[in-house]
Amino acid sequence: MYNEIFDLIKSYNNIVVVRHVGVDPDAMASSIALRDSIKLTFPEKNVLAIGNGTVRFNFMGFLDKGIDFNQMDNILLIVTDTPDKKRVDMEGLTHYEKSIKIDHHPFIEKFCDVELIDPDKSSASEMVYDLINNTPLLLNKQICEELFAGIVGDTNRFLFSNSKCETFNVVADMIKNYNIDITKVYYNLYRRPLSEVKFFGYMANNIKTTENGVGFMILRNEDLISYGVDSATSGNLINEFNNIGELLIWLSATEDVKNNFIRVSVRSRGPVINTVLERHGGGGHALASGAKLKTFEEVDELIKDLDNLCKDYLESSDK
């Protein structure tokens with residue numbers, strides 16, 4: 001399939017790379033790095049990476065803005081790190097000839113002409129590295145550092161079980177052959193303003209727990225204003241709670257008044273949560289998922305479902 005994808009890339013002059021809404025390090029890295037690799041290999045092509053970004057990921061590179069897609073035709077669309085069409089962040093782009101999906105989430109639906117899916121991979125960034133490394137597409141130090149940031153983000157610094165032998169081989173190759181600066185990448189990825197550190201303390205002080213081991217934090221707009229943070233901050237901090245012994249599942253539910261929904265980020269130490277999140281209009285990985293809900297009553301229902309999931313998990317014979 002690598003050759004099929006490369007042949008499509010080679011045959012199109014207009015290529016647009018997109019990923020899921022609510023960008024995270026892997027989504028950002030996989031889309032930008034693939035764009036940069038195609039541009040490095042084919043300087044004459046018009047290659048764009050689009051979507052709503054965030055300032056904190058600018059160290060990876062900048063997204064392409066102000067594009068009039070009505071002036072473009074014969075477009076190849078490449079979607080990274082996104083399992084279903086409704087979550088693709090491509091506002092303004094409605095027409096394209098062919099499409100490719102590169103994704104490591106469990107399969108939800110087919111919506112592209114060519115789909116490279118591998119749930120065993122640590123990240124879409126690792127998959128993009130494999131694609132580049134197995135085709136004539138080019139790599140350099142900058143592209144490798146972008147991909148390393150994506151791998152680190154989705155493995156939580158290689159603490160998650162998705163960090164396989166192949167993942168470490170990829171990183172070793174980046175260090176050996178491209179001399180990537182892992183210290184610089186870690187600093188850029190994990191540095192935080194003081195306001196965010198204080199907000200983390202507020203989250204820790206206000207975590208509540210259910211009978212069966214669900215920890216949850218309800219964060220309203222006035223809380224965000226008080227600490228000078230935005231609605232995405234809690235989701236960026238959710239992995240910091242993964243060492244609490246009493247919890248099997250933990251989540252943040254954050255009011256986003258600008259977009260009129262509640263951002264929910266969920267993590268698990270064992271119970272498979274993505275199927276529960278899918279029932280609430282979200283989804284993701286088995287142990288890391290999210291959703292956008294309309295009311296806090298819906299959040300309460302989700303917490304109840306997750307608590308029941310934990311109960312079944314604790315009662316199962318092999319736990």
Open item on the list: Looking at the structure I just gave you, is residue 245 within 20 Å of residue 207 (Cβ to Cβ) and assigned by TED's automatic domain parsing to the domain that holds residue 207?
Closed with: yes
Open item on the list: Can you pull out every residue in the range 262-299 that is crowded, with 18+ Cβ neighbours inside 10 Å and hydrophobic (A, V, I, L, M, F, W, C)?
Closed with: 262, 264, 266, 273, 276, 277, 287, 288, 291, 293, 299
Task: The lone exception for residue 203 - which of (1) surrounded by fewer than 18 Cβ atoms within 10 Å (Cβ to Cβ); (2) within 23 Å of residue 154 (Cβ to Cβ) it fails - done: (1)
Open item on the list: Name the residue that is farthest from residue 295 (Cα to Cα), counting only residues in the range 221-266 that are in contact with a Ser or Thr (Cβ under 8 Å, 6 or more places away or on another chain), in a loop (DSSP other than H, G, I, E, B) and of a type in the set (D, E, K, R).
Closed with: 246
- [ ] For the range 26-53, name all the residues that are surrounded by fewer than 24 Cβ atoms within 10 Å (Cβ to Cβ) and in contact with a Gly (Cβ under 7 Å, 6 or more places away or on another chain).
- [x] 36
Open item on the list: Please verify whether residue 220 is within 23 Å of the chain's Cα centre (by Cα) and charged (D, E, K, R), treating the condition exactly as stated.
Closed with: no
- [ ] Could you list all residues from the range 10-25 that are surrounded by fewer than 23 Cβ atoms within 10 Å (Cβ to Cβ) and farther than 19 Å from residue 148 by Cα?
- [x] 10, 11, 12, 13, 14, 21, 22
Task: Given (1) of a type in the set (S, T, N, Q); (2) part of a helix (DSSP H, G or I); (3) within 14 Å of residue 252 (Cα to Cα), index of the condition residue 289 fails - done: (2)
Open item on the list: Please pick out the residue among 179, 243 that is among the polar types (S, T, N, Q), loosely packed, with under 14 Cβ neighbours inside 10 Å and in contact (Cβ under 8 Å) with a residue 24 or more places away in the chain.
Closed with: 179
Task: Residue check, residue 152 modelled with pLDDT of 95 or more, surrounded by 17 or more Cβ atoms within 10 Å (Cβ to Cβ) and either of a type outside the set (Ser, Thr, Tyr) or in contact with a helix residue (DSSP H, G or I) (Cβ under 6 Å, 6 or more places away or on another chain) (or both) - done: yes
Task: Residues located in the range 65-90, provided they are among the charged types (D, E, K, R) and either closer than 20 Å to residue 131 by Cα or in contact (Cβ under 8 Å) with a residue 24 or more places away in the chain (or both) - done: 73, 81, 84, 85, 87, 89
TODO: Kindly establish whether residue 3 is touching a residue at least 24 places away in the same chain (Cβ under 8 Å) and either in contact with a strand residue (DSSP E or B) (Cβ under 8 Å, 6 or more places away or on another chain) or surrounded by 18 or more Cβ atoms within 10 Å (Cβ to Cβ) (or both).
DONE: no
- [ ] Find the residue count for the range 69-101, including only residues that are within 21 Å of the chain's Cα centre (by Cα) and within 18 Å of residue 4 (Cβ to Cβ).
- [x] 7
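The values are calculated or read from the model by the stated rules, or taken from the named source; none is laboratory data. Here the structure is a predicted model, which means the values were calculated and not measured. All Cβ positions, even for glycine, are placed from backbone atoms using ideal geometry, and neighbour counts span all protein chains on display.
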